[in-house]
1. For the chain, list the DSSP H helices whose alpha carbon atoms reach 24 Å or more along the long axis and whose average Kyte-Doolittle value is -1.0 or above?
2. For Ile319, Ile206, Ile62, what's the fewest-to-most ordering of other Cβ within 10 Å of each Cβ?
3. What list do you get for His35, His294, His234 if you sort them by fewest beta carbons within 10 Å?
4. For Thr29, enumerate residues with amide H under 5 Å from its amide H, sequence gap 5+ or separate chain, H modeled in the peptide plane.
5. Taking H placed 1.01 Å from N in the peptide plane, check which residues at least 5 places from Ala240 or on another chain put their amide H under 5 Å from its amide H.
6. Pull up all non-local amide H partners of Met192: gap of 5 or more, or a different chain, and H-to-H distance under 5 Å with H placed in the peptide plane.
7. Out of Ile62, Trp304, Ser76, whose Cα points farthest toward the positive end of the dipole of segment 2-331 (charges: +1 Lys, Arg; -1 Asp, Glu; placed on Cβ)?
8. How large is the Kirkwood hydrodynamic radius of the chain, counting all unique pairs of alpha carbons, in Å?
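Values in this text are rule-based calculations from the coordinates and carry no lab data. Computed from a predicted model, the values in this text were never measured in an experiment. Every residue, glycine as well, gets a Cβ built from its backbone with ideal geometry; the counts of neighbours run over all protein chains shown.
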Amino acid sequence: MRIATKIHWIVLGLTLSMAATIVSAQTTTVIKFSHVSASDTPKGQAALRFKELVEQASRRRIRVDVYPNNQLYKESDELEALQLGAVQMLAPSLAKLAQFGVQDFEVFDLPYLFANKEAVTRVTDGAIGKSMLRKLESKGMIGLAYWDSGFKIMSANKPLKMPADFIGQRMRIHSSPVLEDQMEALGATPQMLDGNEVYFALHSRIVDGVESSPVNFYARKLYEVQSHVTISNHGYLGSAVIVNKKFWDGLPSDLRKQIDDAMREATAYGNNLAAHENDAALEAIKKNKKTTVHILTDKENAAWRHALQPVRKQLEGRIGKAVVIAVTKEAESRQVSDR
């Protein structure tokens, strides 16, 4: 009897253990996180840090599958995939969010809007940045964070020192009416291309040049197909981490908190990394000798600013004059945010 009883409890224990394993497997929440950058870029590293943090905090109740470098979707398709629920999380460039009617985000593409990283942070971490993210909810998306990619450089196979140097150049941009107007103001022809198509397009002379962050320029090995780079810092490049709203609303509150906490830590890590990695990328570009690096003189910088100043006025109607004024005021403020 004792042996039978013992066997009974062993079998029962195994049954319960198997049942617990099945339930655990059934309740694992999978987040497909797709983005367009390489894994070794700050965005790629921030995504991997988020995966590590949230899986650890949730004790594997959440699993994050990260798909970098357009593995799942092209830049032009990923937002639709998120809305349809084919992926749960993305980190698209800010201006791309305007595709669904939130024109406010195009303000981040305006030339010479931010003097430095601190000016960006005043906007993204403050009331304005939070308000913009809330506007995504009506489009089926929840905004979780802003990720920095840094300030932009210009490149071509000729020196780009004065606005006249852009005349006749076919310059790659991501999808943004602001950047279209920017290139046209400089005398160039804007060409919209997905990020993973840029190297081939430059190599094949389909386009002549590109604006990019130093990290992305170096990670995509554009120094192999571009002989000149101008450190212009004429614009800011950033992303928003967004999640499908239906998916988010269906999560229990404790998992939402764990995602928020992990995202906050991953954001700080990634944004700090972006600042360091952009500096390192510029040094690497200078050292490889394949690309000549130009730093604008005061006279050249003033000419760029003069040529691009009308872009802000041209797009106030589209973005919203109140938004442009509010962001400009906050960016130029020296006051430290209450947060």
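1. Helices passing the filter in the chain: 2-26, 253-287.
2. If I rank by nearby Cβ atoms, fewest first, I get Ile206, Ile62, Ile319.
3. Fewest to most other Cβ atoms nearby, the residues stand as His294, His234, His35.
4. Correct list: Ile62, Arg63.
5. Leu94, Trp147
6. Residues meeting the amide H criterion: Ile173.
7. Ranked along the dipole, the leading option is Ile62.
8. On the way: mean 1/r = 0.0464 Å⁻¹.
Computed over the chain, the radius equals 21.5 Å.
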